[in-house]
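The values are calculated or read from the model by the stated rules, or taken from the named source; none is laboratory data. All values derive from a computational prediction rather than experimental measurement. In this analysis, Cβ positions are derived from the backbone assuming ideal geometry, glycine residues included, and neighbour counts consider all displayed protein chains. With ligands, DNA and RNA removed, areas are computed over all heavy atoms of the protein, side chains included. Shrake-Rupley method; radii C 1.70, N 1.55, O 1.52, S 1.80 Å.
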Amino acid sequence: MKGRLALALAVVAGCSDPAPPAVADAGDTDVATRDSGVIDAPAVDLPPADAGPQRIAGRRCAAPAVWATPIADYIAVGERVAPRGRFLRGVQDLAVFDGRLFLGYGDANINLGRETPIELRAFTDEGAPSATAEFRTDEEQVEQYRALDGELWVAGVDATEDAWLGNVYRRAGAAWSKLRAVQNGVHVHDVAWWRGALWAVGSGGTPDEWNAGNIYGHLWRSADRGASFTIAARHHNMGAGDARWVRILPLTDAMLLFGYRSDASGRSTIVNARFDGTSAAPLDASDPLRASFIVETLPLPGGGGFARGAVNGGSGLIHRGYRVDAGGRATAIEALAGRAILDRAALAETGEVLVLSADADEWGAERPVWSLRLDATSDLAAFSEVARWEESDAVRAVAYWRGRVYLGRDDGAVLRCALE
């Protein structure tokens, strides 16, 4: 069932940038809502950006070198079974949690999780370039980790089990658990913590709805840390094609939801909405995020965040990054104009954000040589260059762990460099 879906739009953090929908009029959404019953949670006081360990800005990193090849077993299976040998073979996400460096990989486009287990793997020793498998998922792909309220979470983007019930994965203490509780969930793309509850977005419907061609983008809420979920809001595919919300950005007073719906011909409309705790409504016509296909978000201290994705640049789709304040007002990051933004990582130790980008900003462009740059910023306005180098394969993931920068490359290698 799930493998037949057009996942090129929805697997949004893989080794190659997804093709954004062919945009019709953005914003006309028929959003149905249910009472969410959310409660207020106290604000968290965070240290100032200049407190704690040595900051990254102003330091330099030599050209990164290959440090580990942690998914060689998975790549070997893909080369054997993938049509024409084409599959997502890279390290797609890197995340630091509990003193470990976690990595994401897999391919939900061609359902490689049915051929080889997709595991939650982590490095535990910077001196030993081997990753330990902590948990075996029932997913085709692990595309993103989220650290939420002291725990590590993974949204089950495409379960290998066929049912109208989605998964989330939770690491509490040192133990992982699979929570198969997302009602109507066929794909679960993102999770967030907001107002004392866990939230998730994705796609699905009841069996009767699904079999009749009625598919809905969903926002789910869990008041018991993933043991059960209720539907907080959803939007319809209009009776043909697909409908999804694929990313969340929690803010102080609302959550931004990013997704799309498509018709039978494949023509799609971006459906980006603002959820206030009770109902979801389309973003204002003047909001620059209204017509942006968002593939990545990052909540930041103070209630704001970062978002990146694709926007119509006139002659074609281009990359765009946005700084979003606590009230939801988005501003394009001019310092990154003309660049393809590939990943970002928040450094809790210093309050900075590392931003990985490439020269030229055409969306989905392949390059014989990738001219890459890594910058550090404290405000998403002023950027300090940390490294500049070239690769024959794209680099899609970045993290800072135990004093070094780590990067995930499209060929499955993890690179690293030391800061001077």
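Considering region 165-193 alone, what residues qualify as being under 27 Å from Gly303 (Cβ atoms), of a type in the set (A, V, I, L, M, F, W, C) and open to solvent by less than 10 Å² (accessible area, probe 1.4 Å)?
The answer is Val168, Val182, Val188, Val191, Ala192.
Where in region 189-255 are there strands (runs of 3 or more DSSP E), lying wholly inside it, with at least 3 residues that are more than 17 Å from the chain's Cα centre (by Cα)? Walk me through it before giving the result.
Numbers: elements: 197-204, 216-222, 230-236, 243-250.
In region 189-255, 216-222, 230-236 are the strands (runs of 3 or more DSSP E) which contain 3 or more residues that are more than 17 Å from the chain's Cα centre (by Cα).
Return the residue satisfying two criteria in turn: it lies in region 271-287 and is among the aliphatic types (A, V, I, L, M) and in a strand (DSSP E or B), and of such residues it is nearest to Thr331 (Cα to Cα).
Of the residues in region 271-287, the ones among the aliphatic types (A, V, I, L, M) are 271, 273, 280-281, 283, 285.
Cutting the leftovers down to in a strand (DSSP E or B) gives us 273, 280-281.
Values: Ala273: 17, Ala280: 22, Ala281: 20 Å.
Going through the qualifying residues, I end up with Ala273.
If I ask for residues that are free of Cβ contacts under 8 Å to residues at least 60 places away in the same chain and open to solvent by 20 Å² or more (accessible area, probe 1.4 Å), which ones from region 149-164 would you list?
Matches in region 149-164: Asp149, Gly150, Thr160, Glu161, Ala163, Trp164.
Looking at region 194-213 only, could you name the residues that are in contact with a Gly (Cβ under 9 Å, 6 or more places away or on another chain) and either within 18 Å of Met255 (Cβ to Cβ) or surrounded by 18 or more Cβ atoms within 10 Å (Cβ to Cβ) (or both)?
Listed by number, the residues that qualify are Trp194, Arg195, Ala197, Leu198, Ala200, Val201, Gly202, Ser203, Gly204.
How about region 309-420: which strands (runs of 3 or more DSSP E) wholly inside it have at least 3 residues that are under 19 Å from Gln144 (Cβ atoms) and either open to solvent by less than 30 Å² (accessible area, probe 1.4 Å) or touching a His at 6+ places or on another chain (Cβ under 6 Å) (or both)? Step through it out loud before you land on a result.
Values: elements: 317-324, 330-332, 339-347, 352-359, 370-377, 383-391, 395-401, 404-409, 414-418.
Answer list for region 309-420: 317-324, 339-347, 352-359, 395-401, 404-409.
I'm told Tyr216 meets every condition in (1) open to solvent by less than 30 Å² (accessible area, probe 1.4 Å); (2) among the hydroxyl-bearing types (Ser, Thr, Tyr); (3) within 24 Å of Trp164 (Cα to Cα) except one. Can you identify the failing condition by its number?
Looking at each condition in turn, Tyr216 falls short on (1).
Could you list, in sequence order, the residues of region 263-279 that are open to solvent by less than 60 Å² (accessible area, probe 1.4 Å) and among the β-branched types (Val, Ile, Thr)?
Across region 263-279, the qualifying residues are Thr269, Ile270, Val271.
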